[in-house]
Amino acid sequence: MNPFTKLETRCEHLAFATILGQEIGFSSRNLQFYHWRDLLSGSFLTHSLTLHMPSYRHSVSYWCFSKIPLAEFAKHAKGMGIDSIELLLPEDWPTIRREGLVCSVSQPVDTIPDSMNRRENHDRLIPLFEKRLKDCADAGVPNLVCFSGNRAGISDEEGLENTVAGYKKIIGIAERVGVTLCLELLNSKINHPDYQCDRSAWGVEVCKRISSERFKLLYDIYHMQVMEGDIIRTIREIHPYIAHYHTAGNPGRNEIDDSQELNYPAIMRAIQATGFTGYVGQEFVPTGDPLTSLREAIRICTV
């Protein structure tokens, strides 16, 4: 006898529908109208899971979990449904490829405090960018993170002009090889004092002046919560300029659970509503067991 034949009473059927609904994201009020045989059918589950798979893909920044050897971490990430381990150097890309993962964002060639907002850096940085862009293209790495640099006495308008001028010198290569430069938005209040690209409006203006589909923003939700808040409205308004997202809880840059102020399920629904098909990278510093925290973050961010 099929053990599920006992699920014929209304109470048992509704209980089963509730449990299944929690797993696949359907309301038990809708599922109660299906017979249990339909609920368990492969076609129903496949259709339901397809409908509720997010448009975006999951990624994780390795530096937050680097106490775990990369090869071992890749196996764990794959088992959690993560598609990418990011911010790796080229020599590490083959390690995660063996587990069927990609590196969605390459480690940078510039640094947070010292980059294109100073014209004297351009000649030094351009060949570094050129090589890494080609390496990314050869390895199927879709994005390369980049920075503005610190102000160090430069006005926001001068820094803007310098940053645009610098990246315009390499955007043609990015376009030819099909790799997107992602200018990261970071907070200058807590973590990166004096960083110039610390407001979404400044970053969007850089994108507008460069005017290329291969130059966009890395929108770090934690950093922008620190600097300006209003996360969901901002995402709705500037999403055409965003190529990648990062997460972390605020305050503290730790887990994204209910111990912090950001409502990540609502934020992820807002990202999903924009039709975003890129990667959302977990970039929080775990305070508890790192794998347990990461697994929970992926659950929270799957809407």
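The values are calculated or read from the model by the stated rules, or taken from the named source; none is laboratory data. Predicted, not measured: the structure shown is a model, and the values here were computed from it. Methodologically, a virtual Cβ is constructed for each residue, glycine included, from the backbone with ideal geometry; neighbour enumeration extends over all protein chains shown. Accessible surface areas use protein heavy atoms only, side chains included; no ligands, DNA or RNA. Shrake-Rupley method; radii C 1.70, N 1.55, O 1.52, S 1.80 Å.
Identify all residues within region 56-96 that are aromatic (Phe, Trp, Tyr) and closer than 17 Å to Gln282 by Cβ; write none if there are none. Selection gives Tyr56, Tyr62, Trp63, Phe65, Phe73. Considering Arg295, Arg299, Arg253, the condition of being part of a loop (DSSP other than H, G, I, E, B) and among the basic types (Lys, Arg) is satisfied by Arg253 alone.
Consider region 220-250 and keep the residues that are in contact with a helix residue (DSSP H, G or I) (Cβ under 7 Å, 6 or more places away or on another chain) and of a type in the set (Phe, Trp, Tyr). The one that is nearest to Pro142 (Cα to Cα) is Tyr245.
Only one of the listed residues (Ala270, Ala266, Ala243) is aliphatic (A, V, I, L, M) and touching a Ser or Thr at 6+ places or on another chain (Cβ under 8 Å). That residue is Ala243. When every residue of region 291-302 is checked against the conditions, none turns out to be more than 24 Å from Leu70 (Cβ to Cβ), among the charged types (D, E, K, R) and either surrounded by fewer than 21 Cβ atoms within 10 Å (Cβ to Cβ) or at pLDDT 95 or above (or both). Taking the criterion of being outside any loop (DSSP other than H, G, I, E, B) and touching a strand residue (DSSP E or B) at 6+ places or on another chain (Cβ under 9 Å), the residues of region 192-202 that qualify are Tyr195, Ser200. Scanning region 113-134 for residues that are of a type in the set (A, V, I, L, M) and open to solvent by 10 Å² or more (accessible area, probe 1.4 Å) turns up Ile126, Leu128. Selection over region 177-191 of residues that are closer than 19 Å to His244 by Cβ, touching a strand residue (DSSP E or B) at 6+ places or on another chain (Cβ under 9 Å), open to solvent by 10 Å² or more (accessible area, probe 1.4 Å) and assigned to a loop (DSSP other than H, G, I, E, B) gives a count of 0. Pairs linking a residue in region 150-161 that is under 14 Å from Ser115 (Cβ atoms) and outside any helix (DSSP H, G or I) to a residue that is among the small types (Gly, Ala, Ser) and at pLDDT 95 or above, with Cβ atoms under 7 Å and 6 or more positions apart or on different chains, are Arg151/Gly159. Given the condition surrounded by 22 or more Cβ atoms within 10 Å (Cβ to Cβ), of a type in the set (S, T, N, Q), in contact (Cβ under 8 Å) with a residue 24 or more places away in the chain and not in a strand (DSSP E or B), answer yes or no: does some residue in region 79-91 qualify? There is no residue in region 79-91 that is surrounded by 22 or more Cβ atoms within 10 Å (Cβ to Cβ), of a type in the set (S, T, N, Q), in contact (Cβ under 8 Å) with a residue 24 or more places away in the chain and not in a strand (DSSP E or B). Tallying residues that are open to solvent by 10 Å² or more (accessible area, probe 1.4 Å) and either under 22 Å from Val285 (Cα atoms) or part of a loop (DSSP other than H, G, I, E, B) (or both) within region 162-171 yields 1. Among the residues making up region 142-184, those that are under 24 Å from Thr95 (Cβ atoms) and in contact with a Lys or Arg (Cβ under 9 Å, 6 or more places away or on another chain) are Asn143, Leu144, Val177, Gly178, Val179, Thr180, Cys182. Only residues that are of a type outside the set (A, V, I, L, M) and open to solvent by 50 Å² or more (accessible area, probe 1.4 Å) were counted across region 192-250, and they come to 17. Only one entry in Asn121, Asn117 is touching a helix residue (DSSP H, G or I) at 6+ places or on another chain (Cβ under 6 Å) and either in a loop (DSSP other than H, G, I, E, B) or more than 15 Å from Ile173 (Cα to Cα) (or both), namely Asn117.
Residue check: is Lys208 among the basic types (Lys, Arg), in a helix (DSSP H, G or I) and closer than 23 Å to His239 by Cα? Yes. In the set (1) more than 18 Å from Leu125 (Cβ to Cβ); (2) more than 18 Å from the chain's Cα centre (by Cα); (3) not in a loop (DSSP other than H, G, I, E, B), Ala174 fails one condition alone, (1). Which one of Gly203, Gly281, Gly288, Gly249 is in contact (Cβ under 8 Å) with a residue 60 or more places away in the chain and either closer than 17 Å to Ser148 by Cα or not β-branched (Val, Ile, Thr) (or both)? Among Gly203, Gly281, Gly288, Gly249, only Gly281 is in contact (Cβ under 8 Å) with a residue 60 or more places away in the chain and either closer than 17 Å to Ser148 by Cα or not β-branched (Val, Ile, Thr) (or both).
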